[in-house]
């Protein structure tokens with residue numbers, strides 16, 4: 001570390017990060033503390049990252065950790081899986097850490113010869129007792145072949161260097177430090193303005209995207225969201241940090257940026273007309289993470305606002321934050337003009353399909369799903385569809401029902417939009433308190449002037465489905481249910497008309513190296529009744545060999561009520577199971593406009609789907 005460089009301002013803690021070895025995937029981070037604890041300075045890495053509720057134990061990726069003071073080695077004693085205490089020293093102390101960076105998700109650190117990504121929670125040591133103080137960060141380039149043209153994208157406050165260059169940055173405190181991820185590599189930038197605030201999507205990875213189209217669509221969506229909550233935007237600059245891969249999809253929100261992983265084919269190609277499924281999915285992901293700029297990163301559950309990143313922070317309110325965001329992410333695309341009504345209804349139908357296909361919604365409430373995120377949602381297993389419900393999809397269903405309920409009962413004078421703006425006013429500003437449990441329900445009742453006690457008791461604390469079909473009918477929209485048509489059928493459309501019902505076995509499968517593996521066995525289905533289990537490998541149907549390519553075709557030739565014999569391997573044993581196919585459940589949803597509805601219903605529909613933000 002260069003002592004002269006660290007003289008910029010007066011910071012108690014200074015970090016220095018660089019991609020150290022791209023082949024070995026090692027990121028090097030120095031942490032210098034000018035006035036360490038005289039009893040011995042304590043350092044730690046978080047066990048989880050805000051926005052992703054699973055203990056990830058980032059310290060497990062530490063390869064080397066060593067300390068020095070004045071050039072002399074200082075002993076470090078490990079106190080627990082994620083914490084170290086340095087021996088007392090009279091001067092400043094420097095800790096050097098090498099971190100193995102091979103996590104390709106948005107939650108950790110990843111380094112290879114194509115670039116680097118670092119989520120702050122996974123690389124920056126917390127200095128106990130000094131984590132409320134300003135800190136400096138120096139980012140320096142890798143010194144290896146192929147990295148000469150790498151650039152840097154982050155929303156950390158820059159102190160030196162031009163935009164996209166390495167240099168010195170600052171953070172107000174440790175919480176601020178880990179809320180600005182870093183992206184390095186050969187970057188392409190799609191820059192745009194939204195409500196007077198500079199934005200950009202930064203792309204790392206090969207692609208052939210139409211960046212002008214991408215910037216234009218994002219600009220409309222982001223502008224709508226800023227105006228929805230009220231100008232100006234709560235950040236001076238915003239970046240979507242997108243890594244392009246051949247597989248993977250996901251995002252994680254931050255105060256002034258979001259980290260995205262998507263397939264390069266999700267990007268719009270030249271001459272694209274109406275957004276297709278892949279590009280529409282990317283826009284929905286970006287819209288979702290951007291909405292979190294207000295609703296999660298600033299409006300926060302009280303129990304997470306002051307969370308200890310060394311242990312779980314339980315909340316019964318995740319359905320409010322992820323569910324409502326999942327409702328508005330696609331709605332924002334519609335209201336900003338990025339997609340049309342038919343496209344939006346298809347997306348909404350897919351969300352409802354995800355709920356209707358989840359038998360676990362009969363066993364787990366939204367509050368329970370939120371509270372158990374640490375042990376269930378982020379750790380799904382073969383029984384998850386039978387035992388749990390997503391607070392994303394069912395939370396979005398409840399948000400839809402709440403919006404329509406309020407609109408209907410107030411004759412359109414109030415909507416969920418009004419509730420969200422009031423929520424921002426009371427809980428979204430700098431220094432605002434976290435949202436206490438029960439406060440959202442009280443605020444919704446106050447803003448609407450309605451008694452919503454029964455609505456929330458049923459929707460949040462019971463396993464009853466929200467009455468979205470009845471409500472949608474009052475807005476000139478029909479909710480239709482049909483059987484699914486195979487594993488690729490996500491709902492949202494009418495499907496193939498005139499085909500006979502596809503026989504149902506009550507199980508889900510996937511291809512593993514060309515073999516057909518059972519992944520889930522659904523409660524009450526024929527497969528469960530016959531004794532089929534997850535991880536079984538199906539090798540034959542009625543004496544005819546089958547595999548991942550032929551199984552669907554063989555099944556499609558049958559009708560409900562047929563008796564079939566499945567041969568399968570369970571571990572190394574060959575077993576035969578007699579299964580009787582059933583009528584498929586009508587759990588696949590699609591929505592259609594009812595133009596024969598009453599004029600009042602059609603008027604309500606127009607106000608709901610095209611209502612301006614202001």
Members of segment 440-478 that are surrounded by fewer than 20 Cβ atoms within 10 Å (Cβ to Cβ) and in a strand (DSSP E or B): 478
Residue in segment 314-337 that is assigned to a loop (DSSP other than H, G, I, E, B), over 23 Å from residue 456 (Cβ atoms) and touching a helix residue (DSSP H, G or I) at 6+ places or on another chain (Cβ under 7 Å) present: yes
Count of residues meeting criterion [modelled with pLDDT of 95 or more, in contact with a strand residue (DSSP E or B) (Cβ under 6 Å, 6 or more places away or on another chain) and either surrounded by fewer than 13 Cβ atoms within 10 Å (Cβ to Cβ) or assigned to a strand (DSSP E or B) (or both)] in segment 70-93: 10
Any hit, segment 296-312, residues being without any contact (Cβ under 8 Å) to a residue 40 or more places away in the chain, outside any helix (DSSP H, G or I) and not assigned by TED's automatic domain parsing to the domain that holds residue 251: yes
Condition met for residue 67 (surrounded by 13 or more Cβ atoms within 10 Å (Cβ to Cβ), at pLDDT below 95 and not assigned by TED's automatic domain parsing to the domain that holds residue 373): no
Qualifying residue in segment 587-601 (condition: without any contact (Cβ under 8 Å) to a residue 12 or more places away in the chain and assigned to a helix (DSSP H, G or I)): yes
Residue in segment 240-250 that is more than 21 Å from residue 118 (Cα to Cα), assigned by TED's automatic domain parsing to the domain that holds residue 191 and surrounded by 21 or more Cβ atoms within 10 Å (Cβ to Cβ) present: no
Members of segment 519-544 that are touching a residue at least 40 places away in the same chain (Cβ under 8 Å) and assigned to a strand (DSSP E or B): 519, 520, 521
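Mind telling me which of the residues 209, 200, 168 ends up being closer than 30 Å to residue 11 by Cβ, touching a residue at least 40 places away in the same chain (Cβ under 8 Å) and in the same structural domain as residue 251 (by TED's automatic domain parsing)? Full working, then the answer.
Details: 209 fails: closer than 30 Å to residue 11 by Cβ; 168 fails: in the same structural domain as residue 251 (by TED's automatic domain parsing).
Result: 200 is the single residue among 209, 200, 168 that is closer than 30 Å to residue 11 by Cβ, touching a residue at least 40 places away in the same chain (Cβ under 8 Å) and in the same structural domain as residue 251 (by TED's automatic domain parsing).
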Condition met for residue 547 (assigned to a loop (DSSP other than H, G, I, E, B), in contact with a helix residue (DSSP H, G or I) (Cβ under 6 Å, 6 or more places away or on another chain) and either buried (at least 18 other Cβ atoms within 10 Å of the Cβ) or not assigned by TED's automatic domain parsing to the domain that holds residue 350 (or both)): no
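Inspect all residues belonging to segment 421-435 and state whether any of them is closer than 27 Å to residue 345 by Cβ, modelled with pLDDT of 95 or more and either touching a strand residue (DSSP E or B) at 6+ places or on another chain (Cβ under 6 Å) or in a helix (DSSP H, G or I) (or both). Step through it out loud before you land on a result.
First pass over segment 421-435, keeping only residues closer than 27 Å to residue 345 by Cβ: 421, 423.
If we keep only those that are modelled with pLDDT of 95 or more as well, we get 421, 423.
Narrowing the set further to residues that are either touching a strand residue (DSSP E or B) at 6+ places or on another chain (Cβ under 6 Å) or in a helix (DSSP H, G or I) (or both) leaves 421, 423.
Within segment 421-435, one or more residues are closer than 27 Å to residue 345 by Cβ, modelled with pLDDT of 95 or more and either touching a strand residue (DSSP E or B) at 6+ places or on another chain (Cβ under 6 Å) or in a helix (DSSP H, G or I) (or both).
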Residue match in segment 368-385 (condition: in contact with a strand residue (DSSP E or B) (Cβ under 7 Å, 6 or more places away or on another chain) and either over 30 Å from residue 532 (Cα atoms) or in a helix (DSSP H, G or I) (or both)): yes
Answer from 158, 126 - the residue that is under 30 Å from residue 220 (Cα atoms), modelled with pLDDT of 95 or more and under 28 Å from the mean Cα position of the chain (by Cα): 158
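The values are calculated or read from the model by the stated rules, or taken from the named source; none is laboratory data. Remember, it's a predicted structure, so these values are computed and weren't measured experimentally. All Cβ positions, even for glycine, are placed from backbone atoms using ideal geometry, and neighbour counts span all protein chains on display.
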